[in-house]
Amino acid sequence: MEEISNEALMHLLRHCFNLMRRRYHQTVHGKVGTQHGQGKILSVLRREDGIGQKELAEELQIRPASLSELLDKMQKSGWVQRRVNEKDRRKINVYLTVAGRDISQQMIEARRETADGIFGVLTAAEQVQLEKLLSKLAVELENPCSEEVPNKADQ
């Protein structure tokens, strides 16, 4: 059986991830007409329609100014609507419009098609095996590092 180093596996996994991301952005955004970052906003709004703009920025882990810029473009496209919070007029809430829900649904379908194309090269058994292996890696990665990184001052 052929041996492969852990470093080579890590490089291959990172390379596959980058290629998948590139294909996703080209296919989904190209097909639907969205820009980078807008899909995440649509996804959050599907779950939490009417979320505060500040809370949305925190959930997406982006600067409020960056979110505002994205929302401006999405509002011009007719996908979102911003309204003053009725209970606290200092807050702005963000809502999906009918067009935004439609774009969001198109993104879901395009993402599904992209995933089917990527993972369709694997047999059903290989897909199950890959899911088990990736889940096992995820459990390990979710645990805090057990090895301490040496402090440069101690060296």
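Scan the stretch 86-95 and tell me whether some residue there is within 13 Å of Leu45 (Cα to Cα), among the aromatic types (Phe, Trp, Tyr), under 21 Å from the mean Cα position of the chain (by Cα) and exposed (fewer than 15 other Cβ atoms within 10 Å of the Cβ). Checked against the condition, which is being within 13 Å of Leu45 (Cα to Cα), among the aromatic types (Phe, Trp, Tyr), under 21 Å from the mean Cα position of the chain (by Cα) and exposed (fewer than 15 other Cβ atoms within 10 Å of the Cβ), the stretch 86-95 yields at least one hit.
Quick check: anything in the stretch 50-62 surrounded by 13 or more Cβ atoms within 10 Å (Cβ to Cβ), closer than 24 Å to Arg23 by Cβ and β-branched (Val, Ile, Thr)? There is at least one residue in the stretch 50-62 that is surrounded by 13 or more Cβ atoms within 10 Å (Cβ to Cβ), closer than 24 Å to Arg23 by Cβ and β-branched (Val, Ile, Thr).
Can you pull out the residues in the stretch 14-32 that are free of Cβ contacts under 8 Å to residues at least 40 places away in the same chain and either among the aliphatic types (A, V, I, L, M) or surrounded by 11 or more Cβ atoms within 10 Å (Cβ to Cβ) (or both)?
Cys16, Leu19, His25, Gln26, His29
Every test in (1) assigned to a helix (DSSP H, G or I); (2) at positive phi is passed by Lys132 save one, and that test is (2).
Considering the stretch 72-82 alone, what residues qualify as being touching a strand residue (DSSP E or B) at 6+ places or on another chain (Cβ under 6 Å) and touching a residue at least 24 places away in the same chain (Cβ under 8 Å)? Outline the logic, then answer.
Step one: of the stretch 72-82, the residues touching a strand residue (DSSP E or B) at 6+ places or on another chain (Cβ under 6 Å) are 74, 80-82.
Met74, Val80, Arg82, listed by residue number.
Tell me, which residue of the stretch 58-114 that is among the charged types (D, E, K, R) and part of a strand (DSSP E or B) is farthest from Lys31 (Cα to Cα)?
Quick first cut of the stretch 58-114, residues among the charged types (D, E, K, R) only: 58-59, 63, 69, 72-73, 76, 82-83, 86-91, 101-102, 109, 111-113.
Cutting the leftovers down to part of a strand (DSSP E or B) gives us 82-83.
On the way: Arg82: 26, Arg83: 29 Å.
That would be Arg83.
Selection of the stretch 112-155 for residues being closer than 29 Å to Thr34 by Cα and either of a type in the set (Val, Ile, Thr) or at pLDDT below 90 (or both) yields Thr114, Ile118, Val121. From the list Ser5, Ser66, Ser43, Ser104, the lone residue that is modelled with pLDDT under 95 and in contact with a strand residue (DSSP E or B) (Cβ under 8 Å, 6 or more places away or on another chain) is Ser104.
The values are calculated or read from the model by the stated rules, or taken from the named source; none is laboratory data. Since we're looking at a predicted model, the values are computed, not measured. Because the Cβ atoms are built from the backbone with ideal geometry, glycine has one as well, and the counts that use them run over all protein chains shown.
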